[in-house]
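S.K.: Please read through the structure below; I'll follow up with questions.
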Amino acid sequence: HIPKVLYHWRIHPTSVNGEIDFKSSAYEAGRKAILAHYKRVGIDAEVKVVYPGIYRSIYRLTTEPLISIIIANKDQKDVLEKCIESLEKDSEYRNFEILIVENNSEKEKTFAYYEELQKTYDNIHILKYEKEFNYADIQNFAVSKANGEYLLLLNNDTWLDNPNSIREMLMYCMREDVGIVGSRLLYPDDTVQHAGVIIGLGGVAGHAFLGERRNAPGYFCRLLSVQDLSAVTAACLMVKKSVYQAVGGMDVALKVAFNDVDFCMRVGERGYRIVYQPFSVWYHDESRTRGPEDTDEKIERFSREIAYFQERWKGFLQKGDPAYNPNLALDRHDFALKK
């Protein structure tokens with residue numbers, strides 16, 4: 001987090017700096033040190049070495065609270081079905097309700113599927129939102145109907161890769177200092193779609209490590225490290241319901257773009273941590289429902305929302321994202337040095 005070069009080391013074939021194997025005892029000592037800390041402060045956790053010098057903490061849950069999973073949908077029956085089947089059949093965590101927010105579907109097979117779902121699962125509820133699409137307002141509407149202590153905002157074009165993904169998010173979201181937890185999202189071709197959001201990337205905000213291989217460590221192993229960031233995507237975002245309500249939900253002025261980033265930043269202003277959790281892994285077939293921003297109307301709306309976001313967070317953008325080194329480029333997703 002210090003944007004200066006503070007230390008260099010000389011790599012020599014026979015030195016401990018030369019080979020990872022020479023340091024294995026140090027890495028194990030590091031793991032034991034973290035575990036000893038947890039024991040001292042009374043946290044029940046397991047600690048694993050993910051990568052040389054990189055550790056993963058697995059908190060054991062003392063309770064399993066109800067999670068309200070919110071999914072907006074317009075038609076796209078096959079896409080939604082894949083998402084729902086993944087949750088109901090693949091998820092190891094079971095205490096959840098699913099709120100499907102129906103937004104002006106037109107196809108009969110969509111409504112037939114809704115009926116089938118409600119007959120099959122007693123934890124699935126269909127909410128009707130009949131106004132024009134506004135992602136922020138849809139989420140706010142659904143949250144007002146949610147029974148869960150925790151909310152999982154989820155796109156209909158996502159499905160689980162890791163059956164423990166919901167538990168992986170919850171173990172961090174249950175911490176008092178954490179407000180929001182995001183996941184590692186993959187395209188169907190096993191490249192990275194989301195590994196956190198960097199504010200200022202591309203002039204507004206962009207996804208870290210976009211297009212990287214799924215198991216690549218990334219810059220200083222950040223792709224595989226749990227870490228605090230300024231924002232994550234709401235394509236798969238867990239938040240305490242109390243926190244969501246405390247900040248007034250999402251800003252309805254941002255109908256489609258950057259509402260999730262703005263939401264994360266307002267939660268961060270309240271002093272809560274925004275956590276990227278790479279061991280919660282999902283696939284995301286991005287923008288299957290709404291499609292690309294390729295019409296004059298969509299482009300105009302997108303430009304307005306960029307301007308709105310840039311004005312609201314002007315000072316933050318000028319200062320730079322504290323989760324991103326100022327020596328790194330803002331026109332690339334791979335943490336390359338500025339040219």
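S.K.: Identify the single condition in (1) open to solvent by less than 30 Å² (accessible area, probe 1.4 Å); (2) β-branched (Val, Ile, Thr); (3) over 20 Å from residue 149 (Cα atoms) that residue 252 does not satisfy, given that it satisfies every other one.
M.R.: (1)
S.K.: Among 266, 273, which is open to solvent by 50 Å² or more (accessible area, probe 1.4 Å), touching a Gly at 6+ places or on another chain (Cβ under 9 Å) and not polar (S, T, N, Q)?
M.R.: Working: 266 fails: open to solvent by 50 Å² or more (accessible area, probe 1.4 Å).
Answer to the check: 273.
S.K.: Filter segment 38-67 down to the residues that are open to solvent by 80 Å² or more (accessible area, probe 1.4 Å) and among the charged types (D, E, K, R) and list them by number.
M.R.: The answer is 39, 40, 44, 48, 60, 64.
S.K.: Given the conditions (1) open to solvent by less than 10 Å² (accessible area, probe 1.4 Å); (2) in contact with a Ser or Thr (Cβ under 8 Å, 6 or more places away or on another chain), and given that residue 111 satisfies all but one, which numbered condition is not satisfied?
M.R.: Here residue 111 meets the rest and fails (1).
S.K.: Among the charged types (D, E, K, R), in contact with a helix residue (DSSP H, G or I) (Cβ under 8 Å, 6 or more places away or on another chain) and either within 20 Å of residue 283 (Cβ to Cβ) or buried (at least 16 other Cβ atoms within 10 Å of the Cβ) (or both), is that true of residue 85?
M.R.: Considered against the rule, which asks whether it is among the charged types (D, E, K, R), in contact with a helix residue (DSSP H, G or I) (Cβ under 8 Å, 6 or more places away or on another chain) and either within 20 Å of residue 283 (Cβ to Cβ) or buried (at least 16 other Cβ atoms within 10 Å of the Cβ) (or both), residue 85 comes out as no.
S.K.: For residue 223, indicate whether it is in a strand (DSSP E or B) and open to solvent by less than 20 Å² (accessible area, probe 1.4 Å). Even if it seems obvious, please write down each step before you answer.
M.R.: Details: in a strand (DSSP E or B): no; open to solvent by less than 20 Å² (accessible area, probe 1.4 Å): yes.
Considered against the rule, which asks whether it is in a strand (DSSP E or B) and open to solvent by less than 20 Å² (accessible area, probe 1.4 Å), residue 223 comes out as no.
S.K.: I need the full set of residues from segment 183-212 which are more than 18 Å from residue 258 (Cβ to Cβ), of a type outside the set (Gly, Ala, Ser) and not in a loop (DSSP other than H, G, I, E, B), in order please.
M.R.: Residues satisfying the conditions are 184, 186, 191, 192.
S.K.: Consider residue 35 carefully, then state whether it is surrounded by 15 or more Cβ atoms within 10 Å (Cβ to Cβ) and either among the polar types (S, T, N, Q) or more than 27 Å from residue 139 (Cα to Cα) (or both).
M.R.: When the stated conditions are applied, residue 35 passes them.
S.K.: Select, from 307, 231, the only residue that is open to solvent by 20 Å² or more (accessible area, probe 1.4 Å) and modelled with pLDDT of 95 or more. Walk me through it before giving the result.
M.R.: Values: 231 fails: open to solvent by 20 Å² or more (accessible area, probe 1.4 Å).
After applying the criteria, what remains is 307.
S.K.: Keeping to segment 234-246, report how many residues are surrounded by fewer than 22 Cβ atoms within 10 Å (Cβ to Cβ), touching a Phe, Trp or Tyr at 6+ places or on another chain (Cβ under 7 Å) and of a type in the set (A, V, I, L, M).
M.R.: Residues that pass the stated criteria total 1.
S.K.: Looking at segment 130-171 only, could you name the residues that are of a type in the set (Ser, Thr, Tyr) and buried (at least 19 other Cβ atoms within 10 Å of the Cβ)?
M.R.: Within segment 130-171, 135, 150, 158, 165 meet the criteria.
S.K.: For residue 174, are the conditions met, namely being touching a residue at least 40 places away in the same chain (Cβ under 8 Å), open to solvent by 50 Å² or more (accessible area, probe 1.4 Å) and aliphatic (A, V, I, L, M)?
M.R.: Judged against the criteria, residue 174 is a match.
S.K.: Scanning segment 128-182 for residues that are among the polar types (S, T, N, Q) and in a loop (DSSP other than H, G, I, E, B), which turns out nearest to residue 301 (Cα to Cα)?
M.R.: Filtering first and then ranking leaves 134.
S.K.: In segment 108-115, is there at least one residue being over 30 Å from residue 140 (Cβ atoms) and more than 20 Å from the chain's Cα centre (by Cα)? Show your work before the answer.
M.R.: Kept after step one, since they are over 30 Å from residue 140 (Cβ atoms), are these residues of segment 108-115: none.
The answer is no; no qualifying residue exists.
S.K.: Could you please let me know if residue 94 is at pLDDT 95 or above and open to solvent by 80 Å² or more (accessible area, probe 1.4 Å)?
M.R.: Numbers: at pLDDT 95 or above: yes; open to solvent by 80 Å² or more (accessible area, probe 1.4 Å): yes.
Criteria met by residue 94.
S.K.: Yes or no: segment 269-285 includes at least one residue that is at pLDDT below 95 and at positive phi.
M.R.: For segment 269-285, residues at pLDDT below 95 and at positive phi: absent.
S.K.: All but one of (1) surrounded by 17 or more Cβ atoms within 10 Å (Cβ to Cβ); (2) farther than 23 Å from residue 275 by Cα; (3) modelled with pLDDT under 95 hold for residue 13, so report the exception by its number.
M.R.: (1)
The values are calculated or read from the model by the stated rules, or taken from the named source; none is laboratory data. In this text, all values refer to a predicted model and were calculated from it rather than measured experimentally. Because the Cβ atoms are built from the backbone with ideal geometry, glycine has one as well, and the counts that use them run over all protein chains shown. The protein model used for the area step is the full one, side chains on, heavy atoms only, and it has no ligands, DNA or RNA in it. Shrake-Rupley method; radii C 1.70, N 1.55, O 1.52, S 1.80 Å.
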